[in-house]
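Engineer: If you scroll down you'll find the structure; I have some questions about it.
The values are calculated or read from the model by the stated rules, or taken from the named source; none is laboratory data. Given the structure is predicted, the values throughout are model-derived calculations rather than measurements. Cβ placement follows ideal geometry from the backbone for every residue including glycine, while neighbour counts extend to all protein chains displayed. Note: areas computed on protein heavy atoms with side chains; ligands, DNA, RNA excluded. Shrake-Rupley method; radii C 1.70, N 1.55, O 1.52, S 1.80 Å.
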Amino acid sequence: MSPLAPVLDGWIVPLREAAWPFLPEGRVGELRRLETALSEALDTAGQGSVSERLLAVRRVMAPLAPSQDGEPGTVAAVGALAGFVCGWYDLDLRDTVGPGHGRMILRHATPSLRETWTRRLDAGDLVGIAATERHGGSRLTEITARLARDVDGWRLWGEKCWVSRLTEAHAFVVFAKDPADRIQAVVVPADAPGVARYPETPSGLAGWGWGTLQLHDVRLSGEAMLTTPGGDGERIFREHFAAFRPQVAAIALGTAAGVHSRVLSTLQARTSTGLLPRVRDTALVTLGRTQADIHTALLGAVTAARLTAQGSRQADVWARATKAHGVETAHRAVQELAPLVGASGFRADSPIGKARADLGGLLYADGIHDALLRSVGRTLISTR
Ligand SMILES: Cc1cc2nc3c(=O)[nH]c(=O)nc-3n(C[C@H](O)[C@H](O)[C@H](O)COP(=O)(O)OP(=O)(O)OC[C@H]3O[C@@H](n4cnc5c(N)ncnc54)[C@H](O)[C@@H]3O)c2cc1C
């Protein structure tokens with residue numbers, strides 16, 4: 001077993017043969033190289049602020065992202081597993097590989113804007129999403145940000161809150177209403193005149209900046225507006241999150257797996273050095289239960305990612321349910337595992353304490369769970 005790939009060898013390889021026959025050996029090799037490169041990049045990321053280091057890691061890792069060629073379901077599964085690998089090391093590494101919210105630009109922009117952003121994302125540039133407003137992020141249809149026609153483009157006004165990647169993103173996909181009251185998605189360069197950013201201090205997920213994005217008479221070119229056949233910004237939002245939410249679940253589960261691995265090795269070290277005479281049965285039960293919880297939820301997240309990539313009618317429902325289930329499973333597992341190492345896990349510099357706080361943020365970000373599950377229930381009741 002390679003000591004440089006604890007996630008691959010401890011968590012992914014054991015599932016592959018039984019559950020993922022579609023994942024060829026070559027893809028596993030890609031994930032192994034990604035993990036090795038990531039652990040090296042983390043060692044050499046420099047001395048800057050946390051977000052400078054995260055951006056530096058993203059820039060190093062961007063060219064090593066898993067290939068987008070191949071059967072879409074397999075590509076999506078590998079993307080989710082790459083997220084799981086990054087999450088194992090640190091939930092703040094959730095933007096290490098892949099286009100993230102930039103995926104909306106790659107799928108819905110004009111060919112020239114898409115070409116520009118393919119290049120920029122491949123070089124490690126970052127795109128944020130700005131949808132939430134003060135009335136509540138769970139009610140997208142009530143947004144008040146406004147677009148007005150300009151001579152050859154658009155003008156944008158509004159205020160978005162709780163925006164992640166606030167200070168690091170090079171552009172935001174902003175959701176606003178057009179003069180016909182339809183929700184649209186527009187690409188707003190972070191340095192455009194009229195864009196102002198006001199960071200807040202989060203209690204977790206503090207790697208990227210987070211806070212308020214003010215948009216005052218921002219001038220945008222005509223090609224800033226994203227389009228999708230037969231739809232508008234609401235459809236772009238839904239399609240994007242059908243792919244993004246399984247990814248979030250996989251990353252969160254990776255973080256819980258990281259805590260599991262650290263707790264396990266701490267207990268092993270304590271028994272082998274005689275600090276603990278033996279591991280108590282209740283601790284063994286917690287290790288067993290959380291391992292099963294994380295693995296089964298990961299199976300669900302990978303399945304949801306594949307359903308979206310394959311255009312399944314079930315994709316939207318699976319993505320919403322999976323985000324809630326995966327993040328809650330990860331959060332609960334960490335709550336149960338953390339006490340097994342005692343107060344040392346409560347230190348500010350403990351990765352276990354950090355994982356606990358970070359996973360708390362994901363209970364809200366990318367869809368608050370009661371709203372997601374309520375909408376799943378509504379879909380089920382109206383279609384069966
Ligand atoms: C760490 C973090 C990162 C984030 N990153 C981003 C980002 O990058 N971009 C972005 O746009 N947003 C971001 N958000 C915001 C996130 O998407 C929202 O927090 C989420 O959508 C919920 O919105 P809200 O917090 O405004 O809560 P609300 O929508 O106000 O919901 C709060 C509660 O009220 C409930 N509720 C809603 N309507 C009713 C009703 N009629 N009656 C009773 N209860 C109701 C909801 O179901 C929920 O339980 C982030 C948040 C966090 C914490």
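Engineer: Does residue 218 meet the test of being on the phi < 0 side of the Ramachandran plot, in the same structural domain as residue 188 (by TED's automatic domain parsing) and among the hydrophobic types (A, V, I, L, M, F, W, C)?
Structural biologist: Values: on the phi < 0 side of the Ramachandran plot: yes; in the same structural domain as residue 188 (by TED's automatic domain parsing): yes; among the hydrophobic types (A, V, I, L, M, F, W, C): yes.
Spelling it out, residue 218 is indeed on the phi < 0 side of the Ramachandran plot, in the same structural domain as residue 188 (by TED's automatic domain parsing) and among the hydrophobic types (A, V, I, L, M, F, W, C).
Engineer: Let me ask something additional. Among the residues of the range 349-384, how many are over 20 Å from residue 253 (Cβ atoms) and hydrophobic (A, V, I, L, M, F, W, C)?
Structural biologist: Residues flagged as over 20 Å from residue 253 (Cβ atoms) and hydrophobic (A, V, I, L, M, F, W, C) within the range 349-384 amount to 3.
Engineer: Report every pair of residues separated by at least 6 positions or lying on different chains whose Cβ atoms are under 8 Å apart, first residue within the range 276-305 and under 15 Å from residue 246 (Cβ atoms), second at pLDDT below 95 and in a loop (DSSP other than H, G, I, E, B).
Structural biologist: Every condition considered, the pairs that remain are 302/20.
Engineer: Follow-up question, since we're still on this one. Looking at residue 333, is it more than 15 Å from the ligand (Cβ to nearest atom) and more than 26 Å from residue 15 (Cβ to Cβ)? I'd like the intermediate steps shown before the answer.
Structural biologist: On the way: more than 15 Å from the ligand (Cβ to nearest atom): yes; more than 26 Å from residue 15 (Cβ to Cβ): no.
The answer is no for residue 333.
Engineer: Something else now. Given the conditions (1) at pLDDT 95 or above; (2) near the ligand (Cβ under 9 Å from one of its atoms); (3) open to solvent by 50 Å² or more (accessible area, probe 1.4 Å), report the number of the one that residue 172 does not fulfil.
Structural biologist: If we test residue 172 against (1) at pLDDT 95 or above; (2) near the ligand (Cβ under 9 Å from one of its atoms); (3) open to solvent by 50 Å² or more (accessible area, probe 1.4 Å), just (3) comes out false.
Engineer: Which residue is farthest from the ligand (Cβ to nearest atom), if the candidates are limited to the range 118-134 and must be in a helix (DSSP H, G or I) and touching a residue at least 24 places away in the same chain (Cβ under 8 Å)? Before the answer, list the steps.
Structural biologist: Pass one, the range 118-134, residues in a helix (DSSP H, G or I): 118-122.
Keeping just the survivors that are touching a residue at least 24 places away in the same chain (Cβ under 8 Å) gives 120-122.
Numbers: 120: 19, 121: 17, 122: 22 Å.
Only one residue tops the list, namely 122.
Engineer: Moving to a separate point now. Show the residue pairs that are 6+ apart or on different chains and have beta-carbon atoms under 6 Å apart, the first residue being within the range 353-368 and under 20 Å from residue 128 (Cβ atoms), the second being open to solvent by less than 20 Å² (accessible area, probe 1.4 Å) and more than 9 Å from the ligand (Cβ to nearest atom).
Structural biologist: 358/91; 362/252; 362/327; 366/248; 367/323
Engineer: May I ask you to list the residues in the range 114-165 that are of a type in the set (Phe, Trp, Tyr) and open to solvent by less than 60 Å² (accessible area, probe 1.4 Å)?
Structural biologist: We begin by selecting, within the range 114-165, every residue of a type in the set (Phe, Trp, Tyr); these are 117, 154, 157, 162.
Residues satisfying the conditions are 117, 154.
Engineer: Which of the residues belonging to the range 135-169 are at pLDDT below 95, in a loop (DSSP other than H, G, I, E, B) and more than 9 Å from the ligand (Cβ to nearest atom)?
Structural biologist: Selection gives 150, 151, 152.
Engineer: Restricting to the range 198-225, what's the tally of residues that are crowded, with 16+ Cβ neighbours inside 10 Å and either among the β-branched types (Val, Ile, Thr) or within 15 Å of the ligand (Cβ to nearest atom) (or both)? So that I can check it myself, show each step before the final result.
Structural biologist: The first filter runs over the range 198-225 and keeps only residues crowded, with 16+ Cβ neighbours inside 10 Å, leaving 202, 204-213, 215, 218, 220, 223-225.
Next cut, either among the β-branched types (Val, Ile, Thr) or within 15 Å of the ligand (Cβ to nearest atom) (or both) only: 202, 204-213, 215, 218.
Summing the residues that are crowded, with 16+ Cβ neighbours inside 10 Å and either among the β-branched types (Val, Ile, Thr) or within 15 Å of the ligand (Cβ to nearest atom) (or both) in the range 198-225 gives 13.
Engineer: Select from the range 336-380 the residues that are away from the ligand (no atom under 16 Å from the Cβ) and aromatic (Phe, Trp, Tyr) and list them in ascending order.
Structural biologist: 346
Engineer: Under 8 Å between Cβ atoms, at least 6 apart or on separate chains: pull out the pairs that start in the range 244-257 with a residue that is over 17 Å from residue 10 (Cα atoms) and end on any residue that is polar (S, T, N, Q).
Structural biologist: Correct list of pairs: 245/322; 246/308; 246/322; 249/322.
Engineer: Got a number for residues in the range 90-113 being over 25 Å from residue 6 (Cα atoms), open to solvent by 20 Å² or more (accessible area, probe 1.4 Å) and among the β-branched types (Val, Ile, Thr)?
Structural biologist: Residues in the range 90-113 being over 25 Å from residue 6 (Cα atoms), open to solvent by 20 Å² or more (accessible area, probe 1.4 Å) and among the β-branched types (Val, Ile, Thr): 1 in total.
Engineer: With the requirement that a residue be out of contact with any Cys (no Cβ under 8 Å at 6 or more places or on another chain) and among the aliphatic types (A, V, I, L, M), what does the range 74-102 give you? Walk me through it before giving the result.
Structural biologist: Initial filter on the range 74-102 (out of contact with any Cys (no Cβ under 8 Å at 6 or more places or on another chain)): 74-92, 95, 98-102.
Those that are out of contact with any Cys (no Cβ under 8 Å at 6 or more places or on another chain) and among the aliphatic types (A, V, I, L, M): 75, 76, 77, 78, 80, 81, 82, 85, 91.
Engineer: So is residue 194 touching a His at 6+ places or on another chain (Cβ under 6 Å), more than 25 Å from residue 93 (Cβ to Cβ) and surrounded by fewer than 22 Cβ atoms within 10 Å (Cβ to Cβ) or not?
Structural biologist: Values: touching a His at 6+ places or on another chain (Cβ under 6 Å): yes; more than 25 Å from residue 93 (Cβ to Cβ): yes; surrounded by fewer than 22 Cβ atoms within 10 Å (Cβ to Cβ): yes.
Considered against the rule, which asks whether it is touching a His at 6+ places or on another chain (Cβ under 6 Å), more than 25 Å from residue 93 (Cβ to Cβ) and surrounded by fewer than 22 Cβ atoms within 10 Å (Cβ to Cβ), residue 194 comes out as yes.
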